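As structure tokens, the structure follows; a few thoughts come after it.
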Amino acid sequence: MIESALAKSSRPVLFIGPDEIVREAAEFMASAGVRRLVVKEGARAIGVFSAYHLVRLLVTGSDPSAIRVSEAGLEVPVYVDPTSSLLEAARVMSRNNVTSALVGSEDNVLGILTTHDIVAALARSSYGRRPLHEALVRSYPSVDAQASVLEAAATMVSKGVSGVLVLEGDQLLGTLTVREIISLYAARGAEGLSQRVSDVPIPAGAYVDEGATVSEAASVMDMEATDVAPVLCGARVCGAIDDITLTRWLASL
């Protein structure tokens with residue numbers, strides 16, 4: 001049985017003020033090991049700042065040291081009742097094109113349910129018993145290992161996904177995700193983004209077989225703490241899944 005939105009949400013919720021500088025928010029996220037901060041003005045939540053927003057700013061050439069969080073194009077907060085099912089919450093997120101839902105109300109945020117939380121829940125849910133090929137994205141974005149990290153980030157933003165497959169010729173080297181880009185930026189600033197992808201640590205990824213169930217794939221992603229999983233069709237990689245695409249898949253049921 002799928003648990004309630006509140007039971008599977010991330011807690012405690014971390015808040016930040018709208019006048020905080022984006023770079024400082026990114027450093028806070030990196031140190032706290034989170035990818036989303038709820039932006040609060042007074043007692044009211046006015047938006048959600050995510051690692052994805054930082055990546056989008058970097059791709060446009062904006063200086064995160066000169067931009068306030070409120071100017072970063074925040075995700076509009078959407079709310080779900082604490083007793084809502086994950087299926088209901090996923091549908092709310094998909095309908096509003098967001099990657100998180102606040103559990104509770106505008107002035108009483110009890111938790112934040114993210115696409116990552118939904119992956120963890122799918123690892124143990126009845127919905128996850130369905131075949132993985134239903135959720136597989138066969139044309140999942142990829143970049144050459146000689147591309148810059150910034151070019152890889154631009155591909156993620158343009159395609160609306162959490163990462164890219166890294167290729168050297170026909171060989172898959174691994175995956176690069178928003179998670180690694182945030183860590184790299186927090187450690188080295190803009191200089192880190194000019195490196196070639198092949199010069200930064202590339203996680204091998206959590207490979208899964210096309211014959212697996214969604215639960216089995218989600219379980220691997222959860223255990224490996226990765227946002228993207230390449231999918232094998234026999235001996236070759238035939239696509240991938242990530243937290244965003246799995247949430248959209250769940251919402252489509």
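Among the residues of the stretch 27-34, are any among the aromatic types (F, W, Y), in a helix (DSSP H, G or I) and in contact (Cβ under 8 Å) with a residue 12 or more places away in the chain?
Taking the stretch 27-34 as the starting set, the residues that turn out to be among the aromatic types (F, W, Y) are 28.
Now drop any that are not in a helix (DSSP H, G or I), which leaves 28.
Filter once more, so that each one left must be in contact (Cβ under 8 Å) with a residue 12 or more places away in the chain: 28.
Looking for residues that are among the aromatic types (F, W, Y), in a helix (DSSP H, G or I) and in contact (Cβ under 8 Å) with a residue 12 or more places away in the chain, one finds at least one in the stretch 27-34, hence yes.
I need a count of the residues in the stretch 7-36 that are open to solvent by less than 30 Å² (accessible area, probe 1.4 Å) and within 15 Å of the chain's Cα centre (by Cα).
Taking the stretch 7-36 and keeping what is open to solvent by less than 30 Å² (accessible area, probe 1.4 Å), we get 9, 13, 16-18, 22, 25-26, 29.
Next, only the ones that are within 15 Å of the chain's Cα centre (by Cα) stay: 9, 26, 29.
Residues flagged as open to solvent by less than 30 Å² (accessible area, probe 1.4 Å) and within 15 Å of the chain's Cα centre (by Cα) within the stretch 7-36 amount to 3.
If a residue has to be touching a Pro at 6+ places or on another chain (Cβ under 9 Å) and farther than 10 Å from V119 by Cβ to count, how many in the stretch 206-224 make the cut? Walk me through how you get there before you give the answer.
So in the stretch 206-224, the residues touching a Pro at 6+ places or on another chain (Cβ under 9 Å) come out as 206-208, 210-214, 224.
From the residues that got through so far, the ones that are farther than 10 Å from V119 by Cβ too are 206-208, 210-213, 224.
Selection size over the stretch 206-224: 8.
Take the residues in the stretch 37-62 that are in a strand (DSSP E or B) and in contact (Cβ under 8 Å) with a residue 40 or more places away in the chain, then tell me which one is most open to solvent (accessible area, probe 1.4 Å). It would help to see each step written out before you state the result.
Of the stretch 37-62, the ones in a strand (DSSP E or B) are 37-41, 44-50.
The next check asks that each one be in contact (Cβ under 8 Å) with a residue 40 or more places away in the chain; those that pass are 38, 44-45, 48, 50.
Values: V38: 1, R44: 104, A45: 3, V48: 2, S50: 6 Å².
Among those residues, the one meeting the criterion is R44.
Taking the condition of being part of a loop (DSSP other than H, G, I, E, B) and either open to solvent by 30 Å² or more (accessible area, probe 1.4 Å) or over 18 Å from A190 (Cβ atoms) (or both), how many residues in the stretch 63-86 meet it? First the steps, then the outcome.
Taking the stretch 63-86 and keeping what is part of a loop (DSSP other than H, G, I, E, B), we get 63, 67, 72-74, 76-78, 81-84.
So of that shortlist, the ones also either open to solvent by 30 Å² or more (accessible area, probe 1.4 Å) or over 18 Å from A190 (Cβ atoms) (or both) come out as 63, 73-74, 76-78, 81-84.
Total meeting the criteria: 10.
Give the residue, chosen from A72, A43, A66, A51, that is under 18 Å from S10 (Cβ atoms) and not acidic (D, E).
Values: A72 fails: under 18 Å from S10 (Cβ atoms); A43 fails: under 18 Å from S10 (Cβ atoms); A66 fails: under 18 Å from S10 (Cβ atoms).
None of the others qualify; the one that does is A51.
Does L253 fit the bill of being aliphatic (A, V, I, L, M) and either in a strand (DSSP E or B) or open to solvent by 10 Å² or more (accessible area, probe 1.4 Å) (or both)?
Working: aliphatic (A, V, I, L, M): yes; either in a strand (DSSP E or B) or open to solvent by 10 Å² or more (accessible area, probe 1.4 Å) (or both): yes.
So L253 fits the description; yes.
So is L102 farther than 16 Å from F49 by Cβ, in a strand (DSSP E or B) and under 17 Å from the mean Cα position of the chain (by Cα) or not?
Numbers: farther than 16 Å from F49 by Cβ: no; in a strand (DSSP E or B): yes; under 17 Å from the mean Cα position of the chain (by Cα): yes.
Taking the combined requirement at face value, the residue does not satisfy it.
The values are calculated or read from the model by the stated rules, or taken from the named source; none is laboratory data. This is a predicted model, so every value here is computed, not measured. Note that we place each Cβ from the backbone using ideal geometry, even for glycine, and neighbour counts take in every protein chain shown. In case anyone asks, the SASA skips ligands and DNA or RNA and just uses the protein heavy atoms, side chains included. Shrake-Rupley method; radii C 1.70, N 1.55, O 1.52, S 1.80 Å.
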